[in-house]
Amino acid sequence: MRRRAAIWTAAVLVSLAPTASRAQTPPPATPSYDVRYEVRVVPSEKKAHVTIHVADPAHVLRWLRFAVDPERQLAFQGDGQVSSEQRGDRDVVQWTPPRGGGALGYAVRIDHLRNESSYDARVARDWAIVRLDDLVPPARVRSVAHAESRARLQLVLPERWSAVVPYAKEPDGTWAVDRPDRRFDRPVGWLLVGRLGVLRERVAGVHVAIGAPIGHGMRRQDILAFLRFTLPTLRKVAPLPDRLAIVGAGDPMWRGGLSAPQSAYLHAALPLIDEDATSPVLHEIVHVMLRARAGADGDGIVEGLAELYSLETLVRSRAISRHRYEHALARLAERSRGVANVAVDHSTGKVTAKAVVLLHELDQEIARISGGQKSLDDVMRALEESPAAISLARFRTITERVAGQKLPAFFGRPELTPAD
């Protein structure tokens, strides 16, 4: 009996051995290659010199194809094959690195006028501010199946210059460029370099950096205190990014705010809270939180959401009273009088004010039909979870899914009907 039991046990162990062996076999490694973006800012030339270094021992990368603005990104040359062709107002530069890797270099004109007298990118004698998206243009990549890049940003700066970058710094002084939603890691977001004043602190779980050139009057301490008061409230609406870089400067920079991935630009003269009780700072952070651009007929909605939630965050955090909140909504309604349509590709101040009024009404309608179980907050969370372009059609689809029913009375209003 004991002998039969021993034989049976041995047979079971033998039958299980291959399964155990298979379970311990590690999955195949994801093919990858290393990319290092070297950026050297040269104030005397008003340019940045960019070199893209690729290390690819396994030869998984075939080519990179860049959509280039010929007025700003120029003089491409590198190892392997570099070719260029014109397509509309853009040039397409294709780089085929040699086997094992190589380097591609080019120059970028930093200064860029947003209007006749102010800049949204600028290099001065002792500072520069520009979007990384402009230093490294959009790229398409051909590689072996499922290959991924491992990317770093390296800044070569004049002596005594520092930097504010929306990425984590590595021990070797570079910044890790990690975009989990993409296989090719391209640096994006605002970059500020120069002789700077910078505050860095962790607020509501977010690594916050606030920087501006010395002497430009950026109220960094005020902004930091304001964020400590309001970000915990905003975080209850939808997740915030792990990192947030806020950069700014004074004239001749553009007197407004501009968002980018994990970062925002604010003119140094902008107030924390406007006279109408909305906040330029929170407005741009809501854009960062949504991580999405406006799609077809959606710019009024996108700007309206940012403006409404700057106001909502203030009242929910008790930075303003409920009475002032109601008064602000009434002023926005008065300001938007005569606006016929918010289904636009480019919003104005009056259109945004009208969108705030409509979105506030939508919030109340969602709460009514859901018995208080749902609100516009749930729409914001759904938009944040899937950061595709926010068109009017997509906004309606997501809103009706959250509400649990169609909303023809609201979305059929003339103000939300796209123009022919």
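Each reported figure results from applying straightforward, stated rules to the coordinates on display, with no laboratory input. Nothing here was measured: the structure is a model prediction, and the numbers come from that model. Note that each Cβ is placed from the backbone with ideal geometry, even for glycine, and that neighbours are counted across all protein chains shown.
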>> If I filter region 225-279 down to residues being under 23 Å from Asp126 (Cβ atoms) and of a type in the set (Ser, Thr, Tyr), which single residue comes out as surrounded by the most Cβ atoms within 10 Å (Cβ to Cβ)?
In response: Ser263
>> Within region 316-352, take every residue that is assigned to a loop (DSSP other than H, G, I, E, B) and among the β-branched types (Val, Ile, Thr) and give me the one that is surrounded by the most Cβ atoms within 10 Å (Cβ to Cβ).
In response: Val342
>> I'd like the full set of residues that are over 18 Å from Gln154 (Cβ atoms) and among the polar types (S, T, N, Q), limited to region 49-73.
In response: Gln73
>> Against the conditions (1) in a loop (DSSP other than H, G, I, E, B); (2) closer than 21 Å to Val39 by Cα, where does Gly105 fall short? Just the number, please.
In response: (1)
> Residues of region 382-420 being in a helix (DSSP H, G or I), loosely packed, with under 14 Cβ neighbours inside 10 Å and of a type in the set (Lys, Arg), which ones?
Replying inline: Arg401
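Report those strands (runs of 3 or more DSSP E) wholly inside region 158-265 carrying at least 3 residues which are among the β-branched types (Val, Ile, Thr). Write out each step before concluding.
Working: elements: 162-164, 175-177, 190-194, 196-203, 206-213, 243-249, 257-260.
So the answer is 206-213.
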> Which condition breaks for Gly372 when tested against (1) out of contact with any Leu (no Cβ under 8 Å at 6 or more places or on another chain); (2) part of a loop (DSSP other than H, G, I, E, B); (3) touching a residue at least 24 places away in the same chain (Cβ under 8 Å)?
Replying inline: (3)
> How about region 386-415: which of its residues are in contact (Cβ under 8 Å) with a residue 12 or more places away in the chain and among the acidic types (Asp, Glu)?
Replying inline: Glu415
